[in-house]
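To keep things clear, I will list the structure first and then write my remarks on it.
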């Protein structure tokens with residue numbers, strides 16, 4: 001990067017810290033808010049995903065905020081170990097990703113703070129809860145539709161994103177044998193000839209399936225799940241490079257067809273269209289092709305993708321995509337700010353369509369920038 005690019009990235013990093021400090025205390029028991037103006041609630045998954053950027057930033061005030069979030073979640077954990085969807089509300093339950101994200105965030109916080117037994121009792125209860133999420137009592141965990149971060153999209157049964165988080169925390173906590181078993185289960189074809197045998201491997205494609213369950217499977221590309229697979233080492237070096245080459249090629253094709261206005265990939269593609277078998281009537285209002293969970297551009301997920309490029313050793317491409325991300329986080333929908341850190345943008349025109357100053361957009365920008373600068377996926381290099 002030249003001096004102009006470096007200056008722009010540094011301004012964006014400073015703005016990202018400003019966003020997180022602004023959101024540090026909200027109206028719900030002094031806990032952080034999920035976005036600067038639109039989401040005053042302390043959404044669990046938003047804040048736990050933000051932990052990557054917060055811990056990488058080294059900002060003591062933000063790290064103290066994260067500790068408060070983790071401790072509050074432990075207090076509001078169900079007797080069976082489930083973590084609530086809102087940090088302050090023990091009765092707001094049902095999410096499939098909050099508990100594995102809690103385990104991952106506690107493991108990362110322990111590493112950063114040097115507290116090997118931080119929240120040990122809550123961690124063990126959460127891990128027991130996750131064991132109960134396997135219908136076959138083996139390794140893959142299952143979920144109900146709209147129960148992960150995609151609250152307007154069906155992911156049924158064994159979802160890639162949640163299982164990749166499980167693999168990640170198992171490796172972070174040194175449970176390597178169970179992680180290896182999960183990896184083996186995910187790396188099977190979903191429907192081999194003559195029998196049902198769930199896995200997340202896709203025939204003739206390098207990436208993992210969005211989800212699979214019995215005789216059903218979605219082969220649409222999940223950018224978040226596959227990026228996490230690369231960062232965590234679930235996908236080996238050879239497969240990681242093949243996934244990235246495929247993403248870059250398909251992103252170029254989307255731009256040529258007019259379905260994509262930016263140089264970063266959508267969260268999901270191909271888009272789900274009204275004539276497709278997996279189209280839901282509710283998508284007509286909330287999930288049009290190229291919007292929201294159906295192919296919207298999510299800066300926080302693009303931050304994971306930039307980190308995945310670093311993990312694969314694609315340093316020059318990672319620098320370029322970080323610059324693309326820097327431009328992506330500039331426009332705001334309503335706020336008069338230099339960097340809007342909006343929630344999501346429409347694929348076809350690149351215009352912001354969500355809430356400004358979104359915490360996980362800012363935090364994952366910080367994490368992506370740190371990874372590019374250090375040529376290292378902070379916290380995860382040793383897993384690979």
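The values are calculated or read from the model by the stated rules, or taken from the named source; none is laboratory data. Just so you know, these numbers come straight off a predicted model, no measurement behind them. Here Cβ is always computed from backbone atoms with ideal geometry, including for glycine, and neighbour counts include all displayed protein chains.
What to note about this one:
- For the condition within 19 Å of the chain's Cα centre (by Cα), farther than 20 Å from residue 338 by Cβ, modelled with pLDDT of 95 or more and outside any helix (DSSP H, G or I), residue 33 qualifies.
- Checked against (1) within 17 Å of residue 47 (Cα to Cα); (2) touching a strand residue (DSSP E or B) at 6+ places or on another chain (Cβ under 9 Å); (3) surrounded by fewer than 24 Cβ atoms within 10 Å (Cβ to Cβ), residue 110 passes all but condition (2).
Conditions tested, residue by residue: (1) within 22 Å of residue 309 (Cβ to Cβ); (2) touching a strand residue (DSSP E or B) at 6+ places or on another chain (Cβ under 6 Å); (3) modelled with pLDDT under 95.
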residue: 176; (1), (2), (3): no, no, no
residue: 179; (1), (2), (3): no, no, no
residue: 203; (1), (2), (3): no, no, yes
residue: 221; (1), (2), (3): yes, yes, no
residue: 224; (1), (2), (3): yes, no, no
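- Residue among 265, 274 that is assigned to a loop (DSSP other than H, G, I, E, B), touching a helix residue (DSSP H, G or I) at 6+ places or on another chain (Cβ under 9 Å) and within 16 Å of residue 309 (Cβ to Cβ): 265
- Evaluated against (1) surrounded by 22 or more Cβ atoms within 10 Å (Cβ to Cβ); (2) without any contact (Cβ under 8 Å) to a residue 60 or more places away in the chain, residue 230 falls short on exactly one condition, (2).
- Of all residues in the stretch 113-159, those being within 21 Å of residue 222 (Cα to Cα) and out of contact with any helix residue (DSSP H, G or I) (no Cβ under 7 Å at 6 or more places or on another chain) number 14.
- Number of the condition not met by residue 331 [criteria: (1) buried (at least 24 other Cβ atoms within 10 Å of the Cβ); (2) within 23 Å of residue 2 (Cα to Cα); (3) touching a strand residue (DSSP E or B) at 6+ places or on another chain (Cβ under 8 Å)]: (1)
- In the set (1) touching a residue at least 60 places away in the same chain (Cβ under 8 Å); (2) in contact with a strand residue (DSSP E or B) (Cβ under 9 Å, 6 or more places away or on another chain); (3) part of a loop (DSSP other than H, G, I, E, B); (4) surrounded by fewer than 24 Cβ atoms within 10 Å (Cβ to Cβ), residue 343 fails one condition alone, (4).
- Scanning the stretch 281-296 for residues that are surrounded by 15 or more Cβ atoms within 10 Å (Cβ to Cβ) and either in a loop (DSSP other than H, G, I, E, B) or on the phi < 0 side of the Ramachandran plot (or both) yields 283, 287, 288, 289, 290, 291, 292, 293, 294, 296.
- Only one of 94, 53 that is at pLDDT 95 or above and within 18 Å of residue 172 (Cβ to Cβ): 53
- Among the residues listed as 101, 80, the single one being over 20 Å from the mean Cα position of the chain (by Cα) and either part of a loop (DSSP other than H, G, I, E, B) or surrounded by 24 or more Cβ atoms within 10 Å (Cβ to Cβ) (or both): 80
- Among residues of the stretch 349-377, those that are surrounded by 20 or more Cβ atoms within 10 Å (Cβ to Cβ) and part of a loop (DSSP other than H, G, I, E, B), counted: 5
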